[in-house]
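Student: Below are the structure tokens for one structure; questions will follow.
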Amino acid sequence: MDFLRSLGHPEEIYNLLRFKMGCRTVLSQQERNSMSDSLQTCYKYLDETCRSFAAIIQALDGELRDAVCIFCLVIRAVDTVEDDMTISLETKIPMLHNFHTYLYQADWRFTESKDKHRQVLEDFPMISQEFRKLPAVCQEVTADICHKVGAGMAEFLGKPVESLLDWDQYCHYATALAMIGLSRLFSSAQLEDIPVKDTRLLNSVGLFLQKTNLIRDYLEDQLEGREFWPREVWSKYSKKLSDLAKPENIVPAVQCLNDLVTNVLQHIPDVLLYLSQLRNQSEFNFFAVLQLMAVATLAACYNNPQVFKRAVKIREGQMVTVMMDATNMQAVRAIMYQYVNEINQKIPVSDPSAGRTRNIVSTIQKLCLSDGPLVYRNRLSLIYLPCAVLLAVLSWQYLSSL
């Protein structure tokens, strides 16, 4: 799949493939030009701070697309405050508690951040301006979730993640609340005839995403002085979490990694149940792609010592394939089964978590097969994707020349 990178920016590939599928494309330059300057800036920041996520958001329609864009930028701004280790706790804690009030202050901005996403704080007036243009119900949802996320993150400042219960609670604040907020935004747009009310399932959806990110980002967090892996798990394998990155500790490090991946896999049954309850196609695609990207990342990380040496990421070809295929539950179950089976094939016989890993993998596989045999359209997509991309690029170039 390396040749995909030679075709240009992933956004161009997404546009072309989604065009071939008859789906809405990522925002065109013409669409952006029709927006206000501040909204254009918001989508620019969305592209810069949430690259793959931005493509999914921009596939939504009109008012909902803008509401989700602003919501995600607001949560990104709160998260940037938490992530920035150069901001003192004396400044950071009250800022997190009060962040939801800044949405209504036209001139509030923060210019002292050193974080890589600091532009969302420095140019926050652009974001808050577009927030105040949203329908009242969207403003209410965004401000409410912002308030809860900020307070939750402030709670964990200076407080280590000790137990698995702590890990769940932190991930609830960091991502699960955002999933609940996004679901409320979709419901406010009346896309669901019967909105999904079970916040327990949504909480599992968020925990699944955030835990996967925290596993993948071990090295980056270590380099920036952050620790989010639960002591209850890593203390079984090392005296200090940072020691797992030492070459001589690679065996216990990978065992610790596998232990955590096994914990994350336990959320997949709830994820599948949640997705099966969605009736609106846009909402289904949105959440399905996020969950399948996460399970693909989890499969790439499992039993992989590279997690402690560099950033482990899924290939662009995998991302495009998931976006093409994840349009119904049959396809979701097939893709989920494929990645979980990939984990199953990598379980080391001597791994301390091997038994628990096999058990949860078996449970997930049975759920994926519960509605009949799987249709492996994904496998065909992987075979023919290079041809499809090349055909799309050539067709696009031909039409452009005309």
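The values are calculated or read from the model by the stated rules, or taken from the named source; none is laboratory data. Here the structure is a predicted model, which means the values were calculated and not measured. Cβ coordinates were reconstructed from backbone atoms using ideal geometry, including for glycine residues, and neighbour counts include every protein chain displayed. Heads up: the accessible areas ignore ligands, DNA and RNA and are worked out on the full protein's heavy atoms, side chains in. Shrake-Rupley method; radii C 1.70, N 1.55, O 1.52, S 1.80 Å.
Student: Any idea of Leu290's accessible area? Nearest 10 Å², probe 1.4 Å.
Tutor: Taking all protein chains as shown, Leu290 has close to 20 Å².
Student: Mean separation of Cα pairs under 8 Å and 6+ residues apart, divided by the residue count of the stretch 198-258: what relative contact order is that in percent?
Tutor: The value is 22 percent.
Student: Please say if the stretch 207-290 is rounded, prolate or oblate, where rounded means a/c under 1.5 for a ≥ b ≥ c the square roots of the C-alpha gyration tensor eigenvalues, and otherwise the choice is prolate for a/b larger than b/c and oblate otherwise?
Tutor: Since a/c reaches 1.5 and a/b is larger than b/c, the shape of the stretch 207-290 is classed as prolate.
Student: Excluding ligands and nucleic acids, what accessible area in Å² is computed for Met179 using a 1.4 Å probe, to the nearest 10?
Tutor: Approximately 10 Å² for this residue.
Student: If you don't mind, another one. Once you have the Cα-Cα distance between Val349 and Ala106, take 0.36 nm times their residue separation minus that, and quote the gain in nm to one decimal.
Tutor: The span from Val349 to Ala106 would gain 81.6 nm if fully extended.
Student: How much net charge surrounds Tyr302 when only the other residues with a Cβ under 14 Å from the Cβ of Tyr302 are counted, with Lys and Arg +1 and Asp and Glu -1?
Tutor: With Lys, Arg at +1 and Asp, Glu at -1, the neighbours total +2.
Student: Further question on the same structure: Tell me the carbon and sulfur percent of the accessible area for the stretch 34-76, rounded to whole percent, probe radius 1.4 Å.
Tutor: Exposed carbon and sulfur together represent 44 percent of the surface.
Student: Go through the stretch 85-97 residue by residue and turn each phi into a ³J(HN,Hα) via Karplus (6.51, -1.76, 1.60, θ = phi - 60°); whole Hz please, and just put x for glycine and proline.
Tutor: 7, 8, 8, 5, 4, 4, 8, 5, 4, x, 5, 5, 5
Student: Now for a different question. Give me the net charge of Tyr218's neighbourhood, meaning all other residues with Cβ under 11 Å from the Cβ of Tyr218; Lys, Arg count +1, Asp, Glu -1.
Tutor: 0
Student: Where Rh is the Kirkwood radius over the Cα pairs of the stretch 158-271, the temperature 10 °C and the viscosity 1.306 mPa s, what D in µm²/s does Stokes-Einstein return?
Tutor: The calculation lands on 104 µm²/s.
Student: What shape does the stretch 34-175 take by its C-alpha gyration tensor, where a ≥ b ≥ c are the square roots of the eigenvalues and a/c under 1.5 counts as rounded, a/b above b/c as prolate, and the rest as oblate?
Tutor: Note, shape of the stretch 34-175 comes out prolate.
Student: Which of Lys239/Lys346; Lys211/Lys240; Lys92/Lys116; Lys159/Lys211; Lys92/Lys240; Lys92/Lys313 have a Cα-Cα distance over 23 Å?
Tutor: Correct reply: Lys239/Lys346; Lys92/Lys240; Lys92/Lys313.
Student: Follow-up question, since we're still on this one. Among the GluC sites (Glu not before Pro) in the stretch 146-234, which ones are in a DSSP loop with at most 14 other Cβ atoms within 10 Å of the Cβ? Mind listing them?
Tutor: Glu162, Glu224
Student: Taking the Cα centre of each part, how many Å lie between the stretch 70-85 and the stretch 308-370?
Tutor: 29
Student: Would you mind counting up the charge near Pro160? Only other residues with Cβ under 14 Å from its Cβ, with Lys and Arg at +1 and Asp and Glu at -1.
Tutor: Once positives and negatives cancel, what remains is -2.
Student: Considering only DSSP states other than H, G, I, E and B, which trypsin sites (Lys or Arg not before Pro) in the stretch 251-342 qualify as loop sites with at most 10 other Cβ atoms within 10 Å?
Tutor: Loop-located and lightly packed - Arg310.
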